[in-house]
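Colleague: First, the structure itself, so that you have it in front of you.
The values are calculated or read from the model by the stated rules, or taken from the named source; none is laboratory data. Bear in mind that the values here come from a model prediction, so they are computed numbers and not experimental data. Neighbour counts are summed over all protein chains in view; Cβ atoms, including those assigned to glycine, are modelled from backbone coordinates with ideal geometry. Accessible surface is based on the protein model in full, side chains and every heavy atom, while ligands, DNA and RNA are left aside. Shrake-Rupley method; radii C 1.70, N 1.55, O 1.52, S 1.80 Å.
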2 protein chains.
Amino acid sequence: MPIDLSAVGKELEALPYNFTQKDVMLYALGVGAGADPEDLKYVYENNLVALPTFGVIPLVPAVSSFMSMEEIQFNPAMLLHGEQYLEQKKHPAPVDGELVSKPKIANIYDKGKGALVEIDVETVDNKGDVVYYNRIGFFIRGEGGFGGEKGPEPGYEAPDREPDEVVELETLPQQAAIYRLSGDSNPLHIDPEFAQMAGFDKPILHGLCTFGVAGRAILRRLCNDNTEMFRAIKVRFSRPVFPGETIVTEMWKESPEMILFRCKTKERGEYCLTNAAAWFNT
Amino acid sequence: MPIDLSAVGKELEALPYNFTQKDVMLYALGVGAGADPEDLKYVYENNLVALPTFGVIPLVPAVSSFMSMEEIQFNPAMLLHGEQYLEQKKHPAPVDGELVSKPKIANIYDKGKGALVEIDVETVDNKGDVVYYNRIGFFIRGEGGFGGEKGPEPGYEAPDREPDEVVELETLPQQAAIYRLSGDSNPLHIDPEFAQMAGFDKPILHGLCTFGVAGRAILRRLCNDNTEMFRAIKVRFSRPVFPGETIVTEMWKESPEMILFRCKTKERGEYCLTNAAAWFNT
């Protein structure tokens, strides 16, 4: 199925996301928050604060229409979430109301084995202010070789020295079952038969759930849970995580404003998030 | 504040509860389901089945109006959930749509130290069939001595022999934070300061959450997770449980259709649910 490079620059329909405080709390529980006393403000409506990585949730309805573009036709089973960059541009983020997301095809790269489609999404509040900016990288297996540019390397390699900080956070065996109630109900993350058809021994955790766990680790260790400090985070989804595994986040302080990091599963030692960085407001 | 016995027999306004499959799944996660493969049907929209104890959820909106009855005035801080009887009268239960609950003040007993107000609630589906019948026992501390009848003893005492079955089920440290998203957002279950004002060292688990955990234990061990077998369950809420504790359910088989049971916390050995029984369709 063809990739038509004329899709680059095309805007998808802006779509609203209506949410309540319950959605913000459910997201936090979905990424494993709620067990520690420090998590109270993420899971309780009294002075509720949205975890910064909640910023990937409001764009789900708008980005879904990417699946039905004429210019980019593909087998949905070949789609992988490759990369995610999220920036929180307004603090504090709202904990209820309406946010509108405006997706735009930013780039399409020819990676040989597949096509990398990058989508930029601005998510604005009812004052027109941009609250979140996301860049999503979708990797479509089997759709490479169309003669496009190769694009930049992922970058943000982990340094060849011991990490400055290491944080371990457990996930629950039912973590994916909770996380999926925030909107991504892909059966790959809960249905054993579906997961086997997709080539996995068992259901895998959502990449964006692991992303949220890593965000919590960084927020706790380096921001003392002050969400105002959290500016941006970027990851590459390298390997699957199974629900119930412990996520080990290794961090290297590059400057007061920026870290490099990567995540592995404690149980298998496989790096699941790589080429990763976070930026802080100082 | 006075208890007026003329309240007995009075019907409260019937109120609807509108729900989706997501609510049914969230409830199951709230009572600790989702970690075992056998739980899949309770937390996944593909062939979703409602846990029988979900039947206590649809009546929350209707029963709340009991708090503002003229005939039964009391300080809400003195209210305890004393007992609960739930019967599922129609199988399978719906997993979305609308259910209407019709509460009625069934009895008011004078227990000396307080008043026991029993409320009967029929919950009907859109065909008019009764899906759930609940009897709720609210204990209002400090409102006894008004000269009413003492009422029956709670009954269903645990036998003086070793239990026939014992099941241990863990709760999560964040169990109350998940459970409360099903509708009971009393801060007693999440807010450390509020819990201390109410006389507890820390937030306690919802009694109906423990009730749901006990229901899961019985359903797993004695019904092989066949919800059609589950007819009714009755408990008395005797002692608090803290989130993260393990619930030990001890069961005595009295007949093919009925068991006695009680629950304790593994960590402290305190019996939290007593005077308890369950009934099966055979």
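Colleague: On average, how much accessible surface per residue is there in the protein assembly as shown, in Å², for a 1.4 Å probe, leaving out ligands, DNA and RNA?
Modeller: 43
Colleague: With every protein chain present, what accessible area does residue A:25 have (1.4 Å probe, heavy atoms only), rounded to the nearest 10 Å²?
Modeller: Surface accessible to solvent at residue A:25 totals approximately 10 Å².
Colleague: Counting other C-beta atoms within 10 Å, and keeping those with at most 16, which DSSP coil trypsin sites (Lys or Arg not before Pro) do you find in segment A:142-203? All intermediate terms of the calculation are to be shown ahead of the outcome.
Modeller: Values: sites: A:150, A:161, A:180; in loops: A:150, A:161.
Of the trypsin sites (Lys or Arg not before Pro), the ones in loops of segment A:142-203 whose Cβ has at most 16 other Cβ atoms within 10 Å are A:150, A:161.
Colleague: Name the shape class, rounded, prolate or oblate, that the alpha-carbon gyration tensor gives for segment A:123-224, where a ≥ b ≥ c are the square roots of its eigenvalues, rounded holds for a/c under 1.5, and otherwise prolate holds if a/b is larger than b/c and oblate otherwise.
Modeller: The shape class here is rounded.
Colleague: Now for a separate question. How big is the B/A interface in buried accessible area, both sides summed, 1.4 Å probe, to the nearest 100 Å²?
Modeller: Between B and A, the summed buried area is about 2100 Å².
Colleague: Right, another one. When Lys and Arg each count +1 and Asp and Glu each count -1, what net charge do the other residues less than 12 Å away from residue A:190, Cβ to Cβ, add up to?
Modeller: Details: positive: A:180, A:202, B:41; negative: A:184, A:191, A:193, B:39, B:45.
Overall, the nearby charge balance is -2.
Colleague: To continue, here is another question. By its C-alpha gyration tensor, with a ≥ b ≥ c as the square roots of the eigenvalues, how is segment A:5-280 shaped: rounded for a/c under 1.5, else prolate for a/b larger than b/c, else oblate? Before the final figure, lay out the partial values.
Modeller: Numbers: a/c = 1.35, a/b = 1.18, b/c = 1.14.
Note, shape of segment A:5-280 comes out rounded.
Colleague: With unit charges on the beta carbons (Lys and Arg positive, Asp and Glu negative) and the dipole taken about the Cα centre of the protein assembly as shown, which residue among B:139, A:80, B:196 sits farthest to the positive side?
Modeller: B:196
Colleague: Now for a separate question. Please go through the residue pairs B:104/B:253; A:89/B:22; A:89/A:127; A:104/B:22; A:89/A:150 and name each one whose alpha carbons sit more than 24 Å apart in this structure.
Modeller: Violating the 24 Å limit, Cα to Cα: B:104/B:253; A:89/B:22; A:104/B:22; A:89/A:150.
Colleague: Taking 30 Å² as the minimum loss, tell me which residues in segment B:177-193 lose that much accessible area going from the chain by itself to the full protein complex (1.4 Å probe).
Modeller: For segment B:177-193, once contacts with the other chains are taken into account, B:177, B:178, B:180, B:181, B:190, B:191 lose 30 Å² or more.
Colleague: With point charges of +1 on the Cβ of Lys and Arg and -1 on the Cβ of Asp and Glu, referenced to the Cα centre of segment A:5-280, which listed residue (A:255, A:206, A:158) lies farthest in the positive direction of the dipole?
Modeller: In segment A:5-280, that residue is A:158.
Colleague: Quote the charge dipole size of segment A:5-280 about the Cα centre in Debye, to the nearest 20; the model charges only the Cβ of Lys and Arg (+1) and of Asp and Glu (-1).
Modeller: 200
Colleague: State, to one decimal in nm and shortest first, how far the label point of residue B:97 sits from each corresponding label point in the other identical copies (label point: 7 angstrom along Cα-to-Cβ).
Modeller: Label-point separations across copies, in nm and ascending: 3.8.
Colleague: Sticking with this structure for a sec: With a 1.4 Å probe and every protein chain kept in, tell me what percent of the accessible surface of the protein assembly as shown is carbon plus sulfur.
Modeller: 48
Colleague: Can you give the accessible area of residue A:279, probe radius 1.4 Å, in Å² rounded to 10?
Modeller: 40
Colleague: Assume the label is 7 Å from Cα along Cα to beta carbon: what separations in nm does residue B:14 have to the matching positions in the other copies?
Modeller: 4.6
Colleague: Hey, another quick one. Compute, for the protein assembly as shown, the length of the dipole vector about the Cα centre, with Cβ point charges of +1 (Lys, Arg) and -1 (Asp, Glu) only. Units Debye, rounded to 20.
Modeller: Here the protein assembly as shown has a charge dipole of around 240 debye.
Colleague: Note down the relative contact order for segment B:5-280 as a percent, whole number, built from C-alpha pairs under 8 angstrom at least six residues apart. List each step's numbers first, then the result.
Modeller: Numbers: 628 pairs, mean separation 53.8, N = 276.
19 percent.
Colleague: Sorted from largest down, give the three principal axis spans of the alpha carbons of the protein assembly as shown, whole angstrom values.
Modeller: Largest first, the protein assembly as shown extends 86, 49, 44 Å along its Cα principal axes.
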